[in-house]
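Peer 1: Got a structure here, written out as structure tokens. Questions coming.
The values are calculated or read from the model by the stated rules, or taken from the named source; none is laboratory data. Everything numeric here is computed off the predicted structure, so don't read it as measured data. When we count neighbours, we look across all protein chains shown, and the Cβ atoms used for this are built from the backbone with ideal geometry, even at glycine.
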């Protein structure tokens, strides 16, 4: 198996992964110094990887301001919990066949160490998308499988369906990310050994998996969408493992702490933070993160935990920045919980995104301008003219918002209306599309704890896998 790209893999192996150390040749003084440094490097007992799906740098900036403004600040000076981490890198997110990536290829890079095609999970780029027979010949190593093979605990948390691309990258291999249920595999491919992603989860070895997507695990008798009416995959998993299946936050709290737990809290993706009601039975992302840490820390060998805020991405696709920022604020709350409830000497915490979005912060708004509002100029005027009464007007005589999208469902047709504002608004966009798209720029990676020293510079996304393995002492 050849890692992609070859030249950068060689550079990574000899340079950044060793913290800038160089060697003088095999057996030379430099090699000995490197070996000694590696042996003396602190190792992580636990690793937590937080993935904000679609949380590009513009989203982080807007979320920082939004979170600060919710606290009564002007917003710009606010600091999100992970922004205090000492180690930061920029991450290149492209897929092997796509300049702008999707979540399957990017999450697979992080959990296999190999970049692959858009839309594929745990399958090497040599296989065409959707070709089950060829895909079976190009399986990639999965971090989730290695974690369990080495005796550690494994946890997966997401606000998306557990069969969705990012959580699935921990445990599944599929030549098409959309094959979440059996009926979604084309009949001409079904006989070549591929299993649907829900089936792969219940067949996998894990200690905790919490998220949405109940409908992918049941047949119609269980109000699901599987082909066989009587399918009950969670019951099969519970019978095999002795684990507990839960459907509410209260049931999660009551579940035995010494057994595996599978939480399926909604038929599809979990409810947006904006739309949650006080009597919601779904746990928040912070509550799921807390439950995961409390359960996994019981394993004396340590654990690997992946936590995804999946609905940042979905809100951006809908062109609704307020929804995305509320998800990002809850994501920050979950990260703060992890910081406060783990030992920094034994736990590596990393925060990143799988990709960005075509999401912009624009105009010349005054300091403290409502991030979800219309642009108002600084007191002395901005680059686009002097300050006036009320919002700055564009050439069409109408105001515009600070936040917007390069494409998506908010695109303007004909005369531009006055834009909506507030948390429920759909921001205006340029190119009309049914769904706003991902962005192709680099994303940030923040790290703190044992092994965080490897997080620096500009790196390929598949290097995150190497950083995790090195932190555990497996490299």
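Peer 1: At pLDDT 95 or above, in a loop (DSSP other than H, G, I, E, B) and either more than 22 Å from residue 470 (Cβ to Cβ) or in the same structural domain as residue 94 (by TED's automatic domain parsing) (or both), is that true of residue 126?
Peer 2: yes
Peer 1: Can you tell me which condition residue 107 does not meet? The list is (1) in contact with a helix residue (DSSP H, G or I) (Cβ under 8 Å, 6 or more places away or on another chain); (2) free of Cβ contacts under 8 Å to residues at least 40 places away in the same chain, and all the others hold.
Peer 2: Unmet for residue 107, out of (1) in contact with a helix residue (DSSP H, G or I) (Cβ under 8 Å, 6 or more places away or on another chain); (2) free of Cβ contacts under 8 Å to residues at least 40 places away in the same chain: (2).
Peer 1: Go through the range 416-440 residue by residue and tally those that are touching a residue at least 60 places away in the same chain (Cβ under 8 Å), within 11 Å of residue 404 (Cβ to Cβ) and not in a loop (DSSP other than H, G, I, E, B).
Peer 2: Adding up the residues that qualify gives 1.
Peer 1: Taking the conditions exactly as written (farther than 27 Å from residue 333 by Cβ and in the same structural domain as residue 467 (by TED's automatic domain parsing)), does residue 119 satisfy them or not?
Peer 2: yes
Peer 1: Could you say which residue among 471, 377 is crowded, with 17+ Cβ neighbours inside 10 Å and in a helix (DSSP H, G or I)?
Peer 2: 471
Peer 1: So, one more: Is it the case, given these coordinates, that residue 389 is out of contact with any helix residue (DSSP H, G or I) (no Cβ under 8 Å at 6 or more places or on another chain) and not assigned by TED's automatic domain parsing to the domain that holds residue 302?
Peer 2: yes
Peer 1: Of these, 322, 302, which one is closer than 20 Å to residue 65 by Cβ, in contact with a strand residue (DSSP E or B) (Cβ under 9 Å, 6 or more places away or on another chain) and surrounded by fewer than 24 Cβ atoms within 10 Å (Cβ to Cβ)?
Peer 2: The match here is 322.
Peer 1: Also, I was wondering about something else. Would you pick out the residues in the range 166-183 that are buried (at least 24 other Cβ atoms within 10 Å of the Cβ) and either more than 26 Å from residue 302 (Cβ to Cβ) or at pLDDT below 95 (or both)?
Peer 2: Matches in the range 166-183: 174, 175, 177, 179, 180, 181.
Peer 1: Could you tell me how many of the residues in the range 66-91 are outside any loop (DSSP other than H, G, I, E, B), buried (at least 16 other Cβ atoms within 10 Å of the Cβ) and touching a helix residue (DSSP H, G or I) at 6+ places or on another chain (Cβ under 9 Å)?
Peer 2: Total meeting the criteria: 7.
Peer 1: Let me ask you something else. Kindly evaluate residue 210 against the criterion of being assigned to a helix (DSSP H, G or I), within 19 Å of the chain's Cα centre (by Cα) and at pLDDT 95 or above.
Peer 2: no
Peer 1: Quick check on residue 446: is it assigned to a strand (DSSP E or B) and over 14 Å from residue 89 (Cβ atoms)?
Peer 2: No; evaluated as a whole, the condition is false for this residue.
Peer 1: In the range 136-156, what count of residues is obtained for those that are surrounded by 24 or more Cβ atoms within 10 Å (Cβ to Cβ) and out of contact with any helix residue (DSSP H, G or I) (no Cβ under 8 Å at 6 or more places or on another chain)?
Peer 2: 1
Peer 1: Buried (at least 18 other Cβ atoms within 10 Å of the Cβ), assigned by TED's automatic domain parsing to the domain that holds residue 312 and part of a helix (DSSP H, G or I): does that describe residue 199?
Peer 2: When the stated conditions are applied, residue 199 passes them.
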